[in-house]
1. Evaluate the range 36-97: find the radius of gyration of its Cα atoms, find its Kirkwood radius, and give the ratio Rg to Rh.
2. How would you classify the range 126-175 from its alpha-carbon gyration tensor, with a ≥ b ≥ c the square roots of the eigenvalues: rounded for a/c under 1.5, else prolate if a/b is greater than b/c, otherwise oblate?
3. For 168, 71, what's the fewest-to-most ordering of other Cβ within 10 Å of each Cβ?
4. Please order 182, 171 by the number of other Cβ within 10 Å, starting at the fewest.
5. Hey, for a label at residue 162 modelled as a point 7 Å past Cα toward Cβ, could you say which residues of the range 28-66 have their backbone N under 12 Å away?
6. What is the extension gain from residue 210 to residue 115, computed as 0.36 nm multiplied by their sequence separation minus the C-alpha to C-alpha distance, in nm to one decimal?
7. Would you list 210, 73 from fewest to most Cβ contacts within 10 Å?
8. Ranked from highest to lowest mean number of other Cβ atoms within 10 Å per residue, what is the order of the peptides 98-111, 28-41?
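Only the coordinates and a few stated rules stand behind these numbers; no lab work does. Fair warning: this is a prediction, and the values are worked out from it, not measured in the lab. Note: ideal-geometry Cβ built from the backbone for every residue, glycine included; neighbour counts use all protein chains shown.
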């Protein structure tokens, strides 16, 4: 029994490691505006992001691109918002796949803002990129403009009412990824239209994005827990 438990524990550690892959500020709380302030901001902390427009006085119109904060957030806490136009996005480096994992699982929550006038069909696109060692990310410089994604997956929510959310886990195939170059996670609103206006209903919020263990690891952890209780 001890040998079996040790084997399961070792497998769990190896399976759950995911090399160095991790998401920074996936709960979008770092240096976020306070809920009491009832504001959002243009800059998404810890991520490269698409800038919104500015008005004729030079004031940022944060709601016209990707934005950051708790105002009208569907989760009630700070998150990322994507406009219904200007094709907004965010991305960040998530680490090197130095263990050669063949699959990556990412979980996230999407939702409709609390000020939505009607239910909305929403979608958020998650993509993994590996552009190579010569790439350097930058604000308002989209990685997708110059590189092709290794894989993509969407979280969709049909007819989400104001304040309603849906959480799902998506899987990426990493068999074509190398073990030396940085991987990047890009999140965007695929329903937004360049140059569109507020008549488009694809305003969507994103929150609680994280790397999660693969299903096999969860099963092993469950078996390990049963063995501990039986012991």
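1. Numbers: Rg = 12.6 Å, Rh = 12.4 Å.
Radius of gyration over Kirkwood radius for the range 36-97 works out to 1.02.
2. Taking the square roots of the gyration eigenvalues as a ≥ b ≥ c, the range 126-175 is oblate.
3. Numbers: 168 16, 71 20.
Least to most surrounded, the residues fall as 168, 71.
4. Working: 182 17, 171 13.
Lowest to highest Cβ neighbour count: 171, 182.
5. Residues passing the 12 Å test: none.
6. On the way: separation 95, 0.36 × 95 = 34.20 nm, distance 2.63 nm.
Value of the extension gain: 31.6 nm.
7. Working: 210 13, 73 24.
Least to most surrounded, the residues fall as 210, 73.
8. Numbers: 98-111: 18.8, 28-41: 14.6.
Most protected by this proxy first, the peptides run 98-111, 28-41.
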